[in-house]
Amino acid sequence: MNHVSPPQGSISPTSFEERLASVQLRQIFQHAPIGMALLDLQGNWLDVNGQFCRIVGYSRDELLVRAFRDITVAEDIAIDTGLLAQLLAGKIPSYQREKRYIRKDGTPIWVELAVSLARNAQDEPEYLITQIVDINSLKLAHDALRERELTLEAILGALPVGVRMASANGHIVSANLASLEIWCGVGGEMVHEGVYRAWDAATGTALEGDDWPLQRTFATGKGVEAQLLDILCFDDTPKTVLCSVLPIIDDQSRMIGAIEVIQDMTRWLKLEQQLLVRTRELENRNKELEQFAYVASHDLQEPLRKVSSFVQLFAKRYAEQVDETGQSYLNFAVDGARRMQLLIDDLLHYSRVSRGGSEPVPVDLERVYKALAQDFSQVLAETGGELLCGPLPVVLGEPTQMRALMQNLIGNALKYHQPGRAPRVEVTAETNEQGVATIHVRDNGIGIESRFFERIFVIFQRLHNRAEYPGSGIGLAICKRIAENHGGRLWLESVPGEGTTFHFTITTAGVENEAG
Ligand code: ADP
(Lines give C-alpha, C1' and ligand atoms only; values in the text may rest on other atoms or scores of the structure.)
Protein backbone atom coordinates (compact mmCIF):
# COMPACT_ATOMS: atom_id res chain seq x y z
CA MET A 1 0.00 0.00 0.00
CA ASN A 2 1.32 3.39 -0.92
CA HIS A 3 1.21 6.01 1.65
CA VAL A 4 1.41 9.49 0.19
CA SER A 5 2.30 12.08 2.74
CA PRO A 6 2.82 15.76 2.00
CA PRO A 7 6.43 16.87 2.39
CA GLN A 8 7.32 18.92 5.38
CA GLY A 9 8.36 22.53 5.15
CA SER A 10 6.95 25.62 3.65
CA ILE A 11 5.09 24.26 0.63
CA SER A 12 1.40 24.85 1.07
CA PRO A 13 -0.59 21.62 1.16
CA THR A 14 -2.71 22.87 -1.68
CA SER A 15 0.09 23.53 -4.12
CA PHE A 16 1.79 20.35 -3.08
CA GLU A 17 -1.47 18.54 -3.57
CA GLU A 18 -1.75 20.14 -6.93
CA ARG A 19 1.61 18.92 -8.03
CA LEU A 20 1.83 15.60 -6.31
CA ALA A 21 -1.82 14.91 -6.12
CA SER A 22 -1.88 11.64 -7.79
CA VAL A 23 -0.44 8.49 -6.32
CA GLN A 24 1.17 7.83 -9.71
CA LEU A 25 3.11 11.07 -9.56
CA ARG A 26 4.26 10.24 -6.08
CA GLN A 27 5.26 6.79 -7.27
CA ILE A 28 7.28 8.27 -10.12
CA PHE A 29 9.05 10.55 -7.65
CA GLN A 30 9.81 7.74 -5.24
CA HIS A 31 10.90 5.13 -7.72
CA ALA A 32 12.56 7.24 -10.38
CA PRO A 33 15.86 5.68 -11.47
CA ILE A 34 17.51 9.06 -10.96
CA GLY A 35 17.81 11.00 -7.73
CA MET A 36 15.09 13.59 -7.18
CA ALA A 37 14.63 16.09 -4.39
CA LEU A 38 12.55 19.11 -3.43
CA LEU A 39 14.18 21.94 -1.50
CA ASP A 40 12.91 25.12 0.03
CA LEU A 41 14.32 28.40 -1.19
CA GLN A 42 17.04 28.30 1.52
CA GLY A 43 18.31 24.97 0.27
CA ASN A 44 16.83 22.70 2.96
CA TRP A 45 15.53 19.40 1.75
CA LEU A 46 11.78 19.03 1.83
CA ASP A 47 11.64 15.66 0.22
CA VAL A 48 14.08 13.23 -1.37
CA ASN A 49 13.51 10.05 -3.30
CA GLY A 50 15.07 6.62 -2.73
CA GLN A 51 17.64 6.92 -5.51
CA PHE A 52 18.97 10.19 -4.12
CA CYS A 53 19.32 8.55 -0.69
CA ARG A 54 21.25 5.71 -2.33
CA ILE A 55 23.52 8.17 -4.18
CA VAL A 56 24.54 10.08 -1.05
CA GLY A 57 24.24 7.22 1.42
CA TYR A 58 21.90 9.07 3.82
CA SER A 59 18.41 8.00 4.82
CA ARG A 60 15.43 10.21 3.94
CA ASP A 61 15.07 11.27 7.58
CA GLU A 62 18.72 12.22 7.82
CA LEU A 63 18.45 14.36 4.72
CA LEU A 64 15.26 16.12 5.71
CA VAL A 65 17.07 17.68 8.67
CA ARG A 66 19.91 18.88 6.44
CA ALA A 67 20.50 21.48 3.75
CA PHE A 68 22.35 20.90 0.47
CA ARG A 69 25.35 22.84 1.84
CA ASP A 70 25.84 20.25 4.58
CA ILE A 71 26.70 17.54 2.12
CA THR A 72 28.31 19.54 -0.69
CA VAL A 73 32.10 19.62 -1.21
CA ALA A 74 33.30 23.00 0.13
CA GLU A 75 34.63 24.35 -3.22
CA ASP A 76 31.30 23.64 -4.91
CA ILE A 77 29.08 25.51 -2.43
CA ALA A 78 29.83 29.03 -3.72
CA ILE A 79 28.95 28.08 -7.30
CA ASP A 80 25.67 26.53 -6.13
CA THR A 81 24.82 29.62 -4.09
CA GLY A 82 25.61 31.92 -7.00
CA LEU A 83 23.46 29.99 -9.46
CA LEU A 84 20.66 29.75 -6.92
CA ALA A 85 20.67 33.52 -6.51
CA GLN A 86 20.41 33.97 -10.28
CA LEU A 87 17.56 31.46 -10.38
CA LEU A 88 15.63 33.19 -7.63
CA ALA A 89 16.23 36.58 -9.26
CA GLY A 90 14.61 35.20 -12.40
CA LYS A 91 17.82 35.66 -14.40
CA ILE A 92 17.91 32.01 -15.40
CA PRO A 93 14.99 29.60 -15.58
CA SER A 94 17.00 26.60 -14.44
CA TYR A 95 20.56 25.32 -14.35
CA GLN A 96 22.50 22.14 -14.74
CA ARG A 97 25.97 21.39 -13.54
CA GLU A 98 28.40 18.75 -12.43
CA LYS A 99 29.14 18.90 -8.71
CA ARG A 100 30.37 16.81 -5.82
CA TYR A 101 28.41 15.73 -2.76
CA ILE A 102 30.09 14.19 0.25
CA ARG A 103 28.57 10.82 0.94
CA LYS A 104 27.74 9.80 4.47
CA ASP A 105 30.92 7.64 4.54
CA GLY A 106 32.95 10.77 3.79
CA THR A 107 33.80 9.98 0.19
CA PRO A 108 33.07 12.56 -2.53
CA ILE A 109 30.71 11.59 -5.34
CA TRP A 110 30.28 13.30 -8.69
CA VAL A 111 26.71 13.99 -9.79
CA GLU A 112 25.01 15.77 -12.65
CA LEU A 113 22.57 18.18 -11.03
CA ALA A 114 19.59 19.88 -12.71
CA VAL A 115 17.78 22.56 -10.70
CA SER A 116 14.57 24.33 -11.58
CA LEU A 117 12.27 26.64 -9.71
CA ALA A 118 8.64 25.89 -8.97
CA ARG A 119 6.35 28.93 -8.68
CA ASN A 120 2.96 29.26 -7.03
CA ALA A 121 -0.24 30.55 -8.62
CA GLN A 122 0.96 34.11 -8.02
CA ASP A 123 4.14 33.31 -9.92
CA GLU A 124 6.23 33.63 -6.77
CA PRO A 125 9.19 31.26 -6.25
CA GLU A 126 7.94 28.46 -4.04
CA TYR A 127 10.42 25.60 -3.96
CA LEU A 128 13.25 24.00 -5.91
CA ILE A 129 13.06 20.79 -7.87
CA THR A 130 16.34 18.97 -8.37
CA GLN A 131 17.30 15.92 -10.38
CA ILE A 132 20.52 14.16 -9.59
CA VAL A 133 22.34 11.55 -11.72
CA ASP A 134 25.29 9.62 -10.34
CA ILE A 135 28.12 10.22 -12.82
CA ASN A 136 30.89 9.27 -10.44
CA SER A 137 32.27 6.23 -12.27
CA LEU A 138 31.80 7.99 -15.58
CA LYS A 139 33.59 11.07 -14.30
CA LEU A 140 36.44 9.08 -12.75
CA ALA A 141 36.81 7.05 -15.93
CA HIS A 142 36.75 10.23 -17.95
CA ASP A 143 39.35 11.85 -15.69
CA ALA A 144 41.56 8.78 -15.90
CA LEU A 145 41.17 8.81 -19.68
CA ARG A 146 42.02 12.49 -19.83
CA GLU A 147 45.07 11.88 -17.67
CA ARG A 148 46.21 9.16 -20.05
CA GLU A 149 45.52 11.40 -22.98
CA LEU A 150 47.66 14.14 -21.45
CA THR A 151 50.45 11.67 -20.67
CA LEU A 152 50.31 10.38 -24.23
CA GLU A 153 50.37 13.92 -25.57
CA ALA A 154 53.38 14.72 -23.40
CA ILE A 155 55.20 11.58 -24.57
CA LEU A 156 54.38 12.26 -28.21
CA GLY A 157 55.50 15.86 -27.80
CA ALA A 158 58.82 14.78 -26.35
CA LEU A 159 59.48 12.01 -28.88
CA PRO A 160 62.29 12.70 -31.32
CA VAL A 161 60.38 10.83 -34.03
CA GLY A 162 57.31 12.12 -35.85
CA VAL A 163 54.03 10.45 -34.89
CA ARG A 164 50.70 11.09 -36.61
CA MET A 165 47.43 9.39 -35.77
CA ALA A 166 44.63 8.80 -38.21
CA SER A 167 41.01 8.00 -37.35
CA ALA A 168 38.98 5.19 -38.91
CA ASN A 169 38.18 7.31 -41.98
CA GLY A 170 41.87 7.90 -42.63
CA HIS A 171 41.91 11.52 -41.51
CA ILE A 172 44.87 12.72 -39.47
CA VAL A 173 43.54 13.53 -36.00
CA SER A 174 46.79 14.40 -34.30
CA ALA A 175 50.39 15.07 -35.20
CA ASN A 176 53.20 15.62 -32.76
CA LEU A 177 55.70 18.45 -32.97
CA ALA A 178 58.45 16.27 -34.44
CA SER A 179 56.25 15.21 -37.35
CA LEU A 180 55.39 18.84 -38.11
CA GLU A 181 59.03 19.79 -37.92
CA ILE A 182 60.05 17.02 -40.29
CA TRP A 183 57.66 18.29 -42.96
CA CYS A 184 58.34 21.97 -42.37
CA GLY A 185 62.00 21.70 -43.02
CA VAL A 186 64.99 22.73 -40.98
CA GLY A 187 63.88 25.16 -38.26
CA GLY A 188 60.73 25.77 -40.27
CA GLU A 189 57.60 27.50 -39.10
CA MET A 190 54.82 25.37 -37.71
CA VAL A 191 53.08 24.81 -41.01
CA HIS A 192 50.30 22.29 -40.58
CA GLU A 193 49.31 21.97 -44.16
CA GLY A 194 51.08 22.00 -47.45
CA VAL A 195 51.66 19.89 -50.50
CA TYR A 196 52.91 16.49 -49.41
CA ARG A 197 55.49 15.23 -51.92
CA ALA A 198 57.45 12.02 -51.55
CA TRP A 199 59.21 9.36 -53.58
CA ASP A 200 60.05 5.80 -52.74
CA ALA A 201 63.77 6.03 -51.98
CA ALA A 202 64.51 2.61 -53.48
CA THR A 203 62.66 3.02 -56.79
CA GLY A 204 62.35 6.80 -57.12
CA THR A 205 58.62 6.45 -57.88
CA ALA A 206 56.53 9.43 -56.78
CA LEU A 207 53.90 8.50 -54.19
CA GLU A 208 50.29 8.90 -55.19
CA GLY A 209 47.02 7.77 -53.61
CA ASP A 210 47.40 4.38 -52.01
CA ASP A 211 51.19 4.45 -52.51
CA TRP A 212 51.40 6.53 -49.34
CA PRO A 213 52.11 4.19 -46.42
CA LEU A 214 49.16 5.46 -44.36
CA GLN A 215 46.70 5.14 -47.23
CA ARG A 216 48.09 1.72 -48.08
CA THR A 217 47.44 0.58 -44.52
CA PHE A 218 43.82 1.70 -44.79
CA ALA A 219 43.48 0.03 -48.19
CA THR A 220 45.02 -3.29 -47.16
CA GLY A 221 44.51 -3.35 -43.37
CA LYS A 222 48.19 -4.22 -43.04
CA GLY A 223 50.96 -2.18 -41.47
CA VAL A 224 53.93 -0.79 -43.38
CA GLU A 225 57.33 -1.54 -41.94
CA ALA A 226 60.20 0.92 -42.34
CA GLN A 227 59.80 2.27 -45.84
CA LEU A 228 62.50 4.73 -46.86
CA LEU A 229 61.04 7.81 -48.55
CA ASP A 230 62.61 10.85 -50.14
CA ILE A 231 60.43 13.81 -49.29
CA LEU A 232 60.30 17.48 -50.26
CA CYS A 233 59.22 19.51 -47.24
CA PHE A 234 56.81 22.42 -47.39
CA ASP A 235 59.80 24.77 -47.45
CA ASP A 236 61.35 22.73 -50.33
CA THR A 237 64.05 21.09 -48.16
CA PRO A 238 64.77 17.57 -49.46
CA LYS A 239 64.93 14.89 -46.77
CA THR A 240 64.95 11.14 -46.45
CA VAL A 241 62.62 9.66 -43.86
CA LEU A 242 61.91 6.20 -42.57
CA CYS A 243 58.16 5.65 -42.43
CA SER A 244 56.24 2.90 -40.63
CA VAL A 245 52.50 2.56 -40.18
CA LEU A 246 50.71 0.45 -37.61
CA PRO A 247 46.98 -0.25 -37.89
CA ILE A 248 44.95 0.11 -34.67
CA ILE A 249 42.59 -2.85 -34.36
CA ASP A 250 39.70 -3.05 -31.87
CA ASP A 251 38.32 -6.09 -30.00
CA GLN A 252 36.09 -6.94 -32.94
CA SER A 253 39.10 -6.97 -35.28
CA ARG A 254 37.97 -3.74 -36.92
CA MET A 255 40.52 -1.18 -37.96
CA ILE A 256 39.70 1.95 -36.02
CA GLY A 257 42.70 4.00 -36.99
CA ALA A 258 46.40 3.94 -37.66
CA ILE A 259 49.62 5.35 -36.28
CA GLU A 260 52.28 6.62 -38.61
CA VAL A 261 55.83 6.99 -37.35
CA ILE A 262 58.39 8.92 -39.35
CA GLN A 263 62.03 9.40 -38.58
CA ASP A 264 64.28 11.89 -40.29
CA MET A 265 67.21 9.83 -41.58
CA THR A 266 68.85 12.55 -43.67
CA ARG A 267 71.72 13.21 -41.29
CA TRP A 268 72.31 9.54 -40.50
CA LEU A 269 72.33 8.53 -44.14
CA LYS A 270 74.81 11.28 -44.89
CA LEU A 271 77.01 10.10 -42.03
CA GLU A 272 76.68 6.50 -43.17
CA GLN A 273 77.66 7.55 -46.67
CA GLN A 274 80.71 9.41 -45.35
CA LEU A 275 81.63 6.42 -43.23
CA LEU A 276 81.36 4.09 -46.21
CA VAL A 277 83.58 6.31 -48.33
CA ARG A 278 86.07 6.60 -45.50
CA THR A 279 86.08 2.83 -44.87
CA ARG A 280 86.61 2.18 -48.56
CA GLU A 281 89.47 4.67 -48.65
CA LEU A 282 91.05 3.04 -45.61
CA GLU A 283 90.62 -0.43 -47.07
CA ASN A 284 92.25 0.68 -50.29
CA ARG A 285 95.09 2.36 -48.45
CA ASN A 286 95.54 -0.75 -46.32
CA LYS A 287 95.63 -2.94 -49.37
CA GLU A 288 98.17 -0.65 -51.01
CA LEU A 289 100.35 -0.75 -47.89
CA GLU A 290 100.16 -4.52 -47.69
CA GLN A 291 100.97 -4.74 -51.37
CA PHE A 292 103.88 -2.38 -50.83
CA ALA A 293 105.20 -4.34 -47.84
CA TYR A 294 104.95 -7.54 -49.79
CA VAL A 295 106.58 -6.23 -52.95
CA ALA A 296 109.27 -4.38 -51.00
CA SER A 297 110.21 -7.33 -48.83
CA HIS A 298 109.95 -9.76 -51.71
CA ASP A 299 111.97 -7.65 -54.11
CA LEU A 300 114.54 -6.69 -51.48
CA GLN A 301 115.37 -10.31 -50.86
CA GLU A 302 117.23 -10.82 -54.10
CA PRO A 303 119.69 -7.89 -53.90
CA LEU A 304 120.15 -8.53 -50.19
CA ARG A 305 121.02 -12.12 -50.81
CA LYS A 306 123.58 -10.91 -53.32
CA VAL A 307 125.10 -8.41 -50.86
CA SER A 308 125.11 -11.00 -48.12
CA SER A 309 126.76 -13.77 -50.15
CA PHE A 310 129.38 -11.45 -51.68
CA VAL A 311 130.29 -9.97 -48.32
CA GLN A 312 130.67 -13.48 -46.95
CA LEU A 313 132.67 -14.51 -50.00
CA PHE A 314 134.85 -11.44 -49.62
CA ALA A 315 135.37 -12.18 -45.95
CA LYS A 316 136.36 -15.76 -46.70
CA ARG A 317 138.75 -15.02 -49.54
CA TYR A 318 140.37 -11.76 -48.50
CA ALA A 319 140.24 -12.10 -44.71
CA GLU A 320 143.99 -12.42 -44.45
CA GLN A 321 144.65 -9.35 -46.55
CA VAL A 322 142.74 -6.94 -44.32
CA ASP A 323 143.87 -5.68 -40.93
CA GLU A 324 141.96 -6.13 -37.68
CA THR A 325 139.81 -3.05 -38.14
CA GLY A 326 138.89 -4.22 -41.63
CA GLN A 327 138.04 -7.62 -40.14
CA SER A 328 135.62 -6.12 -37.64
CA TYR A 329 134.04 -3.97 -40.41
CA LEU A 330 133.54 -7.13 -42.39
CA ASN A 331 131.94 -8.86 -39.41
CA PHE A 332 129.57 -5.92 -38.92
CA ALA A 333 128.64 -6.09 -42.59
CA VAL A 334 127.98 -9.84 -42.44
CA ASP A 335 125.95 -9.48 -39.25
CA GLY A 336 123.99 -6.51 -40.63
CA ALA A 337 123.14 -8.43 -43.81
CA ARG A 338 122.05 -11.45 -41.78
CA ARG A 339 119.80 -9.34 -39.55
CA MET A 340 118.33 -7.55 -42.50
CA GLN A 341 117.60 -10.93 -44.03
CA LEU A 342 115.72 -11.93 -40.86
CA LEU A 343 113.74 -8.68 -40.84
CA ILE A 344 112.77 -9.06 -44.46
CA ASP A 345 111.75 -12.66 -43.85
CA ASP A 346 109.55 -11.50 -40.97
CA LEU A 347 108.07 -8.68 -43.00
CA LEU A 348 107.29 -11.07 -45.80
CA HIS A 349 105.73 -13.46 -43.35
CA TYR A 350 103.62 -10.63 -41.90
CA SER A 351 102.38 -9.45 -45.29
CA ARG A 352 101.57 -13.02 -46.29
CA VAL A 353 99.44 -13.37 -43.16
CA SER A 354 97.79 -9.99 -43.85
CA ARG A 355 96.87 -11.04 -47.37
CA GLY A 356 94.78 -13.80 -45.87
CA GLY A 357 95.18 -17.51 -46.24
CA SER A 358 93.42 -20.43 -47.76
CA GLU A 359 89.96 -21.66 -46.69
CA PRO A 360 89.80 -22.66 -43.00
CA VAL A 361 89.87 -26.38 -42.27
CA PRO A 362 89.62 -28.30 -39.00
CA VAL A 363 92.93 -28.00 -37.16
CA ASP A 364 93.56 -30.13 -34.09
CA LEU A 365 95.30 -27.76 -31.67
CA GLU A 366 96.44 -30.66 -29.53
CA ARG A 367 98.41 -32.06 -32.46
CA VAL A 368 99.83 -28.62 -33.18
CA TYR A 369 100.85 -28.34 -29.54
CA LYS A 370 102.53 -31.76 -29.52
CA ALA A 371 104.61 -30.93 -32.60
CA LEU A 372 105.65 -27.61 -31.04
CA ALA A 373 106.52 -29.27 -27.72
CA GLN A 374 108.91 -31.41 -29.69
CA ASP A 375 110.47 -28.33 -31.31
CA PHE A 376 110.85 -26.62 -27.95
CA SER A 377 112.30 -29.68 -26.19
CA GLN A 378 115.84 -28.36 -26.46
CA VAL A 379 114.92 -24.95 -24.97
CA LEU A 380 113.05 -26.73 -22.19
CA ALA A 381 116.04 -28.93 -21.46
CA GLU A 382 118.41 -25.95 -21.41
CA THR A 383 116.25 -23.87 -19.11
CA GLY A 384 114.83 -26.68 -17.00
CA GLY A 385 111.45 -25.35 -18.14
CA GLU A 386 108.09 -27.05 -18.11
CA LEU A 387 105.49 -26.97 -20.87
CA LEU A 388 101.99 -28.23 -19.96
CA CYS A 389 98.73 -28.43 -21.76
CA GLY A 390 95.08 -29.17 -20.98
CA PRO A 391 92.64 -30.60 -23.52
CA LEU A 392 92.66 -28.42 -26.65
CA PRO A 393 89.84 -28.24 -29.22
CA VAL A 394 89.75 -28.85 -32.94
CA VAL A 395 89.34 -25.40 -34.45
CA LEU A 396 88.52 -24.01 -37.86
CA GLY A 397 91.62 -22.35 -39.22
CA GLU A 398 94.45 -22.10 -41.64
CA PRO A 399 96.90 -24.82 -40.48
CA THR A 400 100.16 -22.89 -41.02
CA GLN A 401 98.73 -19.76 -39.41
CA MET A 402 97.42 -21.73 -36.42
CA ARG A 403 100.84 -23.25 -35.96
CA ALA A 404 102.54 -19.83 -36.24
CA LEU A 405 100.15 -18.35 -33.68
CA MET A 406 100.77 -21.09 -31.11
CA GLN A 407 104.48 -21.13 -31.84
CA ASN A 408 104.90 -17.39 -31.29
CA LEU A 409 102.90 -17.35 -28.06
CA ILE A 410 104.57 -20.43 -26.55
CA GLY A 411 107.98 -19.29 -27.84
CA ASN A 412 107.59 -15.88 -26.19
CA ALA A 413 106.31 -17.45 -22.98
CA LEU A 414 109.47 -19.55 -22.78
CA LYS A 415 111.76 -16.77 -23.99
CA TYR A 416 110.67 -14.00 -21.62
CA HIS A 417 111.27 -15.99 -18.47
CA GLN A 418 112.70 -14.57 -15.28
CA PRO A 419 116.45 -14.91 -14.99
CA GLY A 420 117.11 -17.65 -12.46
CA ARG A 421 113.59 -19.02 -12.58
CA ALA A 422 112.75 -21.98 -14.80
CA PRO A 423 109.92 -21.13 -17.22
CA ARG A 424 106.60 -22.80 -16.64
CA VAL A 425 104.15 -22.48 -19.51
CA GLU A 426 100.63 -23.81 -19.56
CA VAL A 427 98.24 -23.96 -22.52
CA THR A 428 94.55 -24.41 -21.68
CA ALA A 429 91.25 -23.85 -23.43
CA GLU A 430 87.53 -23.67 -22.90
CA THR A 431 84.68 -23.54 -25.41
CA ASN A 432 81.44 -21.59 -24.96
CA GLU A 433 77.90 -22.56 -26.05
CA GLN A 434 78.34 -20.79 -29.39
CA GLY A 435 81.28 -23.05 -30.17
CA VAL A 436 83.89 -20.34 -29.74
CA ALA A 437 87.01 -21.47 -27.91
CA THR A 438 89.29 -19.24 -25.84
CA ILE A 439 92.86 -20.46 -25.68
CA HIS A 440 95.11 -19.29 -22.83
CA VAL A 441 98.91 -19.36 -22.88
CA ARG A 442 100.09 -18.65 -19.33
CA ASP A 443 103.68 -18.15 -18.23
CA ASN A 444 105.56 -17.28 -15.05
CA GLY A 445 107.92 -14.91 -16.86
CA ILE A 446 108.95 -11.29 -16.50
CA GLY A 447 105.48 -9.92 -17.21
CA ILE A 448 104.53 -6.74 -19.10
CA GLU A 449 103.47 -3.38 -17.72
CA SER A 450 99.91 -2.56 -18.79
CA ARG A 451 101.02 0.69 -20.45
CA PHE A 452 102.80 -1.48 -23.09
CA PHE A 453 99.79 -3.69 -23.79
CA GLU A 454 99.06 -1.95 -27.11
CA ARG A 455 102.61 -1.23 -28.17
CA ILE A 456 103.74 -4.85 -28.14
CA PHE A 457 101.28 -5.65 -30.96
CA VAL A 458 102.77 -3.01 -33.25
CA ILE A 459 105.08 -4.33 -35.92
CA PHE A 460 108.82 -4.17 -34.97
CA GLN A 461 108.03 -2.74 -31.52
CA ARG A 462 110.06 -4.38 -28.74
CA LEU A 463 110.46 -3.72 -25.06
CA HIS A 464 113.96 -5.14 -24.81
CA ASN A 465 117.13 -4.96 -26.81
CA ARG A 466 118.48 -7.93 -28.66
CA ALA A 467 121.25 -8.49 -26.15
CA GLU A 468 118.69 -9.12 -23.41
CA TYR A 469 116.22 -11.16 -25.44
CA PRO A 470 116.64 -11.95 -29.17
CA GLY A 471 113.83 -11.17 -31.59
CA SER A 472 112.61 -8.76 -34.24
CA GLY A 473 109.37 -7.52 -32.63
CA ILE A 474 107.03 -8.84 -35.28
CA GLY A 475 105.75 -12.04 -33.61
CA LEU A 476 102.80 -10.54 -31.73
CA ALA A 477 101.80 -8.35 -34.70
CA ILE A 478 101.55 -11.56 -36.73
CA CYS A 479 99.63 -13.33 -33.94
CA LYS A 480 97.10 -10.50 -33.75
CA ARG A 481 96.61 -10.56 -37.51
CA ILE A 482 96.10 -14.33 -37.47
CA ALA A 483 93.53 -14.17 -34.64
CA GLU A 484 91.64 -11.37 -36.40
CA ASN A 485 91.85 -13.10 -39.80
CA HIS A 486 90.02 -15.97 -38.14
CA GLY A 487 87.32 -13.68 -36.72
CA GLY A 488 88.78 -13.81 -33.21
CA ARG A 489 90.62 -11.57 -30.75
CA LEU A 490 93.98 -11.65 -29.05
CA TRP A 491 94.62 -9.92 -25.73
CA LEU A 492 96.63 -10.32 -22.57
CA GLU A 493 96.72 -10.01 -18.83
CA SER A 494 99.95 -9.59 -17.00
CA VAL A 495 101.54 -8.87 -13.64
CA PRO A 496 105.10 -7.59 -14.02
CA GLY A 497 107.45 -9.93 -12.22
CA GLU A 498 104.85 -12.69 -11.95
CA GLY A 499 103.85 -13.65 -15.45
CA THR A 500 101.67 -13.10 -18.47
CA THR A 501 98.66 -14.83 -19.98
CA PHE A 502 97.81 -14.34 -23.63
CA HIS A 503 94.26 -15.25 -24.68
CA PHE A 504 92.85 -15.71 -28.16
CA THR A 505 89.44 -16.74 -29.41
CA ILE A 506 88.77 -19.03 -32.35
CA THR A 507 85.76 -20.92 -33.70
CA THR A 508 85.85 -24.63 -33.09
CA ALA A 509 85.23 -27.10 -35.87
CA GLY A 510 82.25 -28.19 -33.79
CA VAL A 511 79.84 -30.96 -34.59
CA GLU A 512 80.77 -31.41 -38.26
CA ASN A 513 84.31 -32.27 -37.31
CA GLU A 514 83.34 -34.57 -34.46
CA ALA A 515 80.93 -36.30 -36.76
CA GLY A 516 83.47 -36.55 -39.59
P1 ADP B 1 109.79 -10.29 -30.18
O2 ADP B 1 109.55 -11.40 -29.24
O3 ADP B 1 110.45 -10.73 -31.43
O4 ADP B 1 110.43 -9.14 -29.56
P5 ADP B 1 106.95 -9.99 -30.25
O6 ADP B 1 106.13 -9.18 -31.17
O7 ADP B 1 106.68 -11.44 -30.17
O8 ADP B 1 108.41 -9.72 -30.68
O9 ADP B 1 106.84 -9.35 -28.82
C10 ADP B 1 106.89 -7.96 -28.66
C11 ADP B 1 107.35 -7.63 -27.25
O12 ADP B 1 106.39 -8.05 -26.32
C13 ADP B 1 108.57 -8.37 -26.85
O14 ADP B 1 109.73 -7.65 -27.24
C15 ADP B 1 108.46 -8.47 -25.34
O16 ADP B 1 108.96 -7.32 -24.76
C17 ADP B 1 106.99 -8.51 -25.11
N18 ADP B 1 106.49 -9.88 -24.84
C19 ADP B 1 105.90 -10.73 -25.71
N20 ADP B 1 105.53 -11.87 -25.10
C21 ADP B 1 105.90 -11.74 -23.80
C22 ADP B 1 105.77 -12.59 -22.65
N23 ADP B 1 105.21 -13.80 -22.71
N24 ADP B 1 106.24 -12.11 -21.47
C25 ADP B 1 106.80 -10.89 -21.39
N26 ADP B 1 106.94 -10.05 -22.46
C27 ADP B 1 106.51 -10.47 -23.64
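Would you compute, from DSSP H runs of 4+ residues alone, the mean residue ellipticity of the chain at 222 nm, taking -39500 (n - 2.57) per run and dividing by the full residue count, rounded to the nearest 500? Can you show the working numbers first?
On the way: 15 runs with 218 residues, N = 516.
It comes out at -13500 deg cm²/dmol, rounded to the nearest 500.
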Response to the item:
Per DSSP loop assignment and a cutoff of at most 15 other beta carbons within 10 Å, the chain keeps its longest run without exposed GluC sites (Glu not before Pro) at 209-432
Discussion item. Considering just Cα atoms, how many Å³ per residue does the convex hull of the stretch 262-388 enclose?
Written reply: 262
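Over 21 Å, how big is the tail of the calculated P(r) for the stretch 72-172, in percent of all Cα pairs? Mind dumping the intermediate values first?
Details: 2865 of 5050 pairs.
So the portion of pairs separated by more than 21 Å is 57 percent.
What per residue convex hull volume, in Å³, do the alpha-carbon atoms of the stretch 218-288 yield?
Normalising the Cα hull of the stretch 218-288 by residue number yields 128 Å³.
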Fill in: Spatially proximal lysines relative to K316 (Cα-Cα < 17 Å; intrachain offsets below 8 disregarded)
K306
Response to the item:
Straight-line reach check, K104, cutoff 16 Å on alpha carbons, 8 or more apart in-chain or any other chain, hits among aspartates and glutamates -> D61, E62, D70, D134
Item to complete: Name the residues whose placed amide hydrogens come within less than 5 Å of the amide hydrogen of E398, ignoring near sequence neighbours (fewer than 5 apart) on the same chain.
Response: V361
Worksheet entry | Additional length obtainable on full extension of the chain from R355 to D70, 0.36 nm per residue less Cα span | 93.3 nm
Response to the item:
Longest principal axis of the chain (C-alpha) makes with the long axis of helix 266-318 (C-alpha) an angle, in degrees to the nearest 10, of 10
Practice prompt. Check the straight Cα-Cα distances from K370 and name the lysines below 28 Å, setting aside those fewer than 8 residues away within the same chain.
Written response: K415, K480
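Relative to the compact globular guide of 2.2 N^0.38 Å, what is the alpha carbon radius of gyration of the stretch 131-172, as a ratio? Don't jump to the answer; show the numbers that get you there.
Numbers: Rg = 15.3 Å, N = 42, 2.2 N^0.38 = 9.1 Å.
Its radius of gyration relative to the 2.2 N^0.38 Å reference: 1.68.
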Discussion item. Could you report the accessible area of S309 in Å², rounded to 10, computed with a 1.4 Å probe on the protein chains as they sit in the structure?
Written reply: 60
Discussion item. Tell me the relative contact order for the stretch 207-345 as a rounded percent, counting alpha carbon contacts under 8 Å between residues six or more apart.
Written reply: 14
Worksheet item: For the chain, what is the accessible area per residue in Å² when the probe is 1.4 Å?
Response: 59
Practice prompt. Starting from one equal scatterer on each C-alpha and no solvent at all, send me the Debye-based log10 I(q)/I(0) for the chain at q = 0.06, 0.08, 0.13 Å⁻¹, two decimals.
Written response: -0.66, -0.82, -1.15
Worksheet item: Semi-axes of the stretch 316-387's equivalent ellipsoid from the Cα gyration tensor, sqrt of 5 times each eigenvalue, largest first, rounded to whole Å?
Response: 39, 22, 9
Worksheet item: Considering the Cα trace of the stretch 343-460, what is its radius of gyration and what is Dmax, both in angstroms?
Response: 15.3, 44
Worksheet entry | Exceeding the 19 Å Cα-Cα cut-off - candidates K99/K139; K239/K270; K91/K139 | K91/K139
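The values are calculated or read from the model by the stated rules, or taken from the named source; none is laboratory data. Because the structure is a prediction, the values reported are computed rather than measured. Every residue, glycine among them, receives a Cβ derived from its backbone with ideal geometry; neighbour counts consider all protein chains shown. Heads up: the accessible areas ignore ligands, DNA and RNA and are worked out on the full protein's heavy atoms, side chains in. Shrake-Rupley method; radii C 1.70, N 1.55, O 1.52, S 1.80 Å.
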